[in-house]
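Structure first, then comments.
The values are calculated or read from the model by the stated rules, or taken from the named source; none is laboratory data. All of these numbers come straight from a predicted model, not from anything done at the bench. Cβ sites come from the backbone with ideal geometry, for glycine too, and all protein chains shown count toward neighbours. The accessibility values were calculated without ligands, DNA or RNA, using every heavy atom of the protein model including side chains. Shrake-Rupley method; radii C 1.70, N 1.55, O 1.52, S 1.80 Å.
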Amino acid sequence: MAGQCFSQEPIVVKKILNKAVNLERKGFVTILSVDGGGIRGIIPAIILKEIESRLKNKEHLSQCFDVMSGTSTGGIIVLLLNTPDENKNPKFRANDIIKLYKNLGSEIFHRSLWHRLITLNGWLGEKYSDKNFIENMEKYFKNVQLKDSITEILIPAYDISKDQTIFFKSSYAKEDNARDFYFKDIAHATTAAPSYFKPVSIKDLAEKNTYTLVDGGVAVNNPSLSAAIHALKLFSERENFLIISIGTGTNFGAEEGTLSFGGKNIESGGKIAWADDIISVFMHAGNDVVDYLLQNAFVPNKIKKYYRFQVLLDAKRASMDDVSANNIKALETYAQELIKKHDSEITDIAHILDN
């Protein structure tokens with residue numbers, strides 16, 4: 001049974017603030033947030049590559065942000081950007097992450113004939129085995145620990161044994177070994193979407209507590225507000241905040257008249273009609289609420305620059321696990337169109353991050 005260490009926020013925050021984490025840095029407190037969305041994570045990966053390519057004084061995105069947060073596929077992106085090599089330099093760039101989506105998507109979202117049979121095509125068990133996912137996360141992250149993260153990171157997961165959302169925070173891991181975990185375990189936990197993958201059981205590195213976790217998107221698919229609040233705790237004396245929030249696509253604003261998801265009409269559907277898509281609906285329902293809150297409410301006496309990058313998807317592109325070549329190409333096109341649409345904003349962002 002999990003312990004109570006994740007609820008001890010005031011104690012740990014006080015320790016961190018006493019050490020003045022990054023408080024010597026001037027200018028904006030910079031925050032990056034990446035939504036969940038399965039294979040659609042290639043969209044924010046391409047946008048991040050574009051931002052990185054426009055930097056002139058810095059070479060890597062990990063040099064640019066005070067806090068990075070990501071849920072599910074966004075969590076993997078953030079973890080990869082903060083993975084150190086043997087010299088404690090960033091091991092992966094945004095372009096490496098794009099390649100990962102192209103090369104590994106079909107391995108992770110793969111169902112053998114045997115798995116289809118024993119689960120009755122996902123009706124009697126998880127849709128996918130997590131075997132390939134575990135092997136690849138071990139390959140990319142090896143034994144990197146949360147406390148080794150290059151920047152401050154915040155990754156959510158949902159503890160189904162205690163009905164609560166937990167956040168993996170690197171600064172807390174540095175203070176308490178019972179809050180330290182392997183990157184590969186965090187990646188596994190934050191992406192364990194119900195019905196797609198089975199829940200994940202992990203232990204902290206102090207081996208005090210065991211957590212039974214599912215995808216953080218169940219509670220916090222767009223983690224920008226959570227990241228902003230965390231940054232406000234760590235940098236309470238600072239006044240300028242830059243928040244960059246990148247989505248993985250939405251149906252919000254699509255043509256009205258037919259209630260559908262993933263190209264299916266579900267207007268009069270029961271359990272069977274909703275079964276494949278209900279998790280995606282729940283995980284993405286709060287995204288625009290978070291966007292609204294950050295646009296319209298922040299903290300008095302703080303200067304805020306907030307950028308939200310989100311694209312409207314065709315219903316047939318809304319799937320989180322469509323790894324076909326045609327779908328990957330379509331998602332890449334969406335990302336490039338988004339970059340073109342927000343060219344001036346991306347230039348402004350790169351300028352701020354570069355200073």
Exercise. How many residues does the stretch 42-68 hold that are at pLDDT below 95 and either under 12 Å from the mean Cα position of the chain (by Cα) or at positive phi (or both)?
Worked result: 0
Exercise. If you check every pair at least six apart or on different chains, which have Cβ atoms under 6 Å apart with a residue in the stretch 192-203 that is in a strand (DSSP E or B) first and a residue that is buried (at least 19 other Cβ atoms within 10 Å of the Cβ) and not small (G, A, S) second?
Worked result: V200/H188; V200/L213; I202/D185; I202/Y211
Exercise. Inside the stretch 63-92, can you point out the residues that are crowded, with 24+ Cβ neighbours inside 10 Å and assigned to a helix (DSSP H, G or I)?
Worked result: T73, G74, G75, I76, I77, V78, L79, L81
Exercise. Any idea how many residues of the stretch 170-189 are open to solvent by 10 Å² or more (accessible area, probe 1.4 Å) and out of contact with any Leu (no Cβ under 8 Å at 6 or more places or on another chain)?
Worked result: 6
For this session: Answer with yes or no whether A219 is of a type outside the set (F, W, Y), open to solvent by 30 Å² or more (accessible area, probe 1.4 Å) and modelled with pLDDT of 55 or more.
Result: yes
For this session: Mind counting the residues in the stretch 330-342 that are without any contact (Cβ under 8 Å) to a residue 24 or more places away in the chain and touching a helix residue (DSSP H, G or I) at 6+ places or on another chain (Cβ under 9 Å)?
Result: 1
Problem set entry | Y128, sole failed condition from (1) open to solvent by 20 Å² or more (accessible area, probe 1.4 Å); (2) modelled with pLDDT under 90 | (1)
Exercise. Does L294 satisfy the condition of being within 18 Å of the chain's Cα centre (by Cα) and modelled with pLDDT under 80?
Worked result: yes
Problem set entry | Unique residue being farther than 18 Å from E52 by Cα, surrounded by 12 or more Cβ atoms within 10 Å (Cβ to Cβ) and modelled with pLDDT under 95 when the list is I352, I279 | I279
For this session: Write out, first by first residue and then by second, each pair whose Cβ atoms fall under 6 Å of each other, whose residues are 6+ apart or on separate chains, and whose first residue, in the stretch 93-116, is outside any helix (DSSP H, G or I) while the second is of a type outside the set (S, T, Y) and modelled with pLDDT of 65 or more.
Result: F109/D321; F109/V323
Exercise. From the list T212, T190, which one is touching a Pro at 6+ places or on another chain (Cβ under 7 Å) and more than 21 Å from T83 (Cβ to Cβ)?
Worked result: T212
